[in-house]
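**Q** The structure follows.
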Amino acid sequence: MPDFKLAQRIAELPPYLFAQIDAVKREVAARGVDIISLGIGDPDLPTPDFIIDKLAESARKAPNHRYPDYEGMLSFRTAVATWYKQRFDVDLNPATEVVSLIGSKEGIAHFPLAFTNPGDMNLVCTPNYPVYPIATKFAGGEVEFVPLTEDNAYLPDLDAISDESWAKAKSIYLNYPNNPTAGVADDAFFEKLIKKCIETETIIVHDAAYTEIYFDPANKPKSIMEYAGAKEVAIEFHSLSKTYNMTGWRVAMAVGNATLVGGLGKVKTNVDSGIFQAVQEAGIAALEQGEPYAEKFRGIYRERRDAVVAALRKAGIKCPLPDASFYIWANVPEGYNSSDFVTKVIQETGVVLTPGNGFGAPGEGYFRISLTVPTERLEEAVSRIASL
Ligand SMILES: Cc1ncc(COP(=O)(O)O)c(C=O)c1O
């Protein structure tokens, strides 16, 4: 038998920190324990019926059975531009400043192939969605991590990044509202970031997947595209996944600077053949008519958030009340590190949490709860944790 060796880029992937948790979870489940999984950022609520109906109708149209346009149907990209205008008051040219994606993960993973040469360095804010550094490494680039800490409200300290690093960096990867910390960015931060990136010719890669999961309608999370100068340097990734409970559908978009959007489009032309057109038509329906449903989902997450935060605090566990995202980022109790605490909780209570350090070193000392299970189960989970 030939001895096939994994390519270096795969062989060198960091060990999967959640693998140990998965193993413990399997062992506990095998004992017959009722597992409550608070580990997955995947909405439990179903996709609204009107979107499913549109898919069914569109799936019956024969022209939709053929290869779609690579960059996405112009009608889908126009619906994205219209949604950005209504939601953020941002003007986008659907032909040049919007590209459709098979989920934002796909676009984020492919983006460095367009703008990162072997040996180039990208800044990645951490704790982070794991795709950011891995995509840079797949493109042969190097990563310099920028810590997000509680002291700095989970915003990167742009002044702490050295001049050499700014000069060297091709891109900076950020995500607000943030997974996993639930941090949100304010105007002053985005303005300073854009100014710095224009000065240093650094691409801003902003992942905005959670802008629609917010709890204060008077203070909605913003798109980076709302700020002056953003279109000179930024690409923003967004998705229908979290907003309309469509994670399995694989439909998303990147918008912003036409060169950046176009470069990503070129990669995709050579890698995939776009999103099933019936899914794009269902996506248009979601963007055009989904807002009342998104509002209803926010109400459900708000109730869950309030219940969990109150119960955790009652149990003596420190955690902020998040303004956005469906995550609670809490401190592990004194005397534990993230992995020890999460392992003990699964073993002794059957509740699955995510260890903060799984998202990067500055996540040590924290754990993440995902609000994607019903309130009663969340309350049951926290009461089990409290009984430890
Ligand atoms: C921060 C962040 N970005 C992007 C994604 C990917 O979303 P999708 O590929 O479904 O659009 C996720 C999914 O969990 C996420 O948490």
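**Q** I'd like the Karplus ³J(HN,Hα) series for segment 222-239: coefficients 6.51, -1.76, 1.60, θ = phi - 60°, whole numbers in Hz, and an x wherever there's a Gly or Pro.
**A** In residue order, the calculated couplings are 9, 7, 5, 5, 6, 9, 4, x, 4, 5, 6, 9, 10, 10, 10, 9, 9, 7 Hz.
**Q** Using a 10 Å cut-off on Cβ atoms, rank the peptides 44-57, 143-156 from the highest mean neighbour count down.
**A** With the highest mean Cβ count within 10 Å placed first, the list reads 143-156, 44-57.
**Q** Any idea what Rg and Dmax come out to for the chain if you just take the C-alpha atoms, in Å?
**A** Answer for the chain, Rg first and Dmax second: 21.0, 64 Å.
**Q** Taking only Cα atoms and a 10 Å spring cutoff, compute GNM fluctuations for the chain and point out the largest among ALA114, ALA182, ALA11.
**A** ALA11
**Q** If the only charges are +1 at each Lys and Arg Cβ and -1 at each Asp and Glu Cβ, what is the size of the charge dipole of the chain around the Cα centre, to the nearest 20 debye?
**A** Using only the charged Cβ atoms, the result is roughly 820 debye.
**Q** Here is a further query. What order do you get for 325-336, 231-242 when each peptide is scored by the mean count of other beta carbon atoms within 10 Å, highest first?
**A** Per-residue mean Cβ counts within 10 Å order the peptides as 231-242, 325-336.
**Q** Further question: What FRET efficiency, computed as 1/(1 + (r/R0)^6) with R0 = 41 Å and r the Cβ-Cβ distance, is obtained for LYS195 and SER75, rounded to the nearest 0.05?
**A** Taking R0 as 41 Å, the efficiency between LYS195 and SER75 is 0.70.
**Q** Contour minus end-to-end for SER383 and GLU291, with contour as 0.36 nm per residue of separation and end-to-end as the Cα-Cα distance?
**A** My answer for the length gained is 29.7 nm.
**Q** If I take the Cα coordinates of segment 172-256 and project them onto the principal axes, what are the three extents in Å, biggest first?
**A** Result for segment 172-256: principal-axis Cα extents of 39, 28, 21 Å.
**Q** Can you tell me which of 361-372, 264-275 comes out highest on packing, and rank the rest after it, using the mean Cβ neighbours within 10 Å?
**A** Listed from highest to lowest mean packing, they are 361-372, 264-275.
**Q** Follow-up. Quick one: dipole size for segment 33-126, taken about the Cα centre, charges +1 on Lys/Arg Cβ and -1 on Asp/Glu Cβ, in debye to the nearest 20.
**A** It works out to roughly 340 debye.
**Q** So if I place +1 on the C-beta of Lys and Arg and -1 on the C-beta of Asp and Glu, and nothing else carries charge, what would the dipole magnitude of segment 205-339 be about its Cα centre? I want it in debye, nearest 20.
**A** Roughly 340 debye, rounded to the nearest 20.
**Q** Give, as ranges by residue number, the residues of segment 266-289 whose backbone N falls under 19 Å from the point 7 Å along Cα→Cβ of ASP53.
**A** Within reach of a label on ASP53: 278-289.
**Q** With every protein chain left in place, what is the accessible area per residue of segment 49-290 in square angstrom, probe 1.4 Å?
**A** About 40 Å² of surface per residue is accessible.
**Q** Per DSSP H run of at least 4 residues, take -39500 (n - 2.57); add these up for the chain, divide by its residues and hand me the 222 nm value, nearest 500 deg cm²/dmol.
**A** Using -39500 (n - 2.57) per qualifying helix, the result is -12500 deg cm²/dmol.
**Q** Shifting gears a bit: Between beta-carbons, use under 12 Å as the cut-off and find the net charge around PRO374, counting Lys and Arg +1, Asp and Glu -1.
**A** Local charge sum for PRO374: -3.
**Q** Given H placed 1.01 Å from N in the peptide plane, which residues other than close sequence neighbours of ILE204 have an amide H under 5 Å from its amide H?
**A** Correct list: ILE172, ALA234, ILE235.
**Q** Once the piece of chain linking ASP157 and ALA188 is laid out straight, how much longer is it, given 0.36 nm per residue of separation minus the C-alpha distance between them?
**A** Stretched out fully, the ASP157 to ALA188 stretch lengthens by 9.9 nm.
**Q** Now, a different point. Positive end of the charge dipole of the chain (Lys, Arg +1 and Asp, Glu -1 on Cβ, about the Cα centre): tell me which of ILE346, LEU388, GLY107 has its Cα farthest that way.
**A** In the chain, that residue is ILE346.
**Q** Also, I was wondering about something else. Measuring from centroid to centroid over Cα atoms, what is the spacing of segment 1-58 and segment 252-273 in Å?
**A** Using only Cα atoms, the two centres lie 27 Å from each other.
The values are calculated or read from the model by the stated rules, or taken from the named source; none is laboratory data. Worth saying up front: this structure is predicted, and the values here are computed from it rather than measured. Please note: Cβ atoms are built from the backbone with ideal geometry, for glycine as well, and neighbour counts cover all protein chains shown. These area figures cover heavy atoms from the full protein model, side chains too; ligands, DNA and RNA do not enter into them. Shrake-Rupley method; radii C 1.70, N 1.55, O 1.52, S 1.80 Å.
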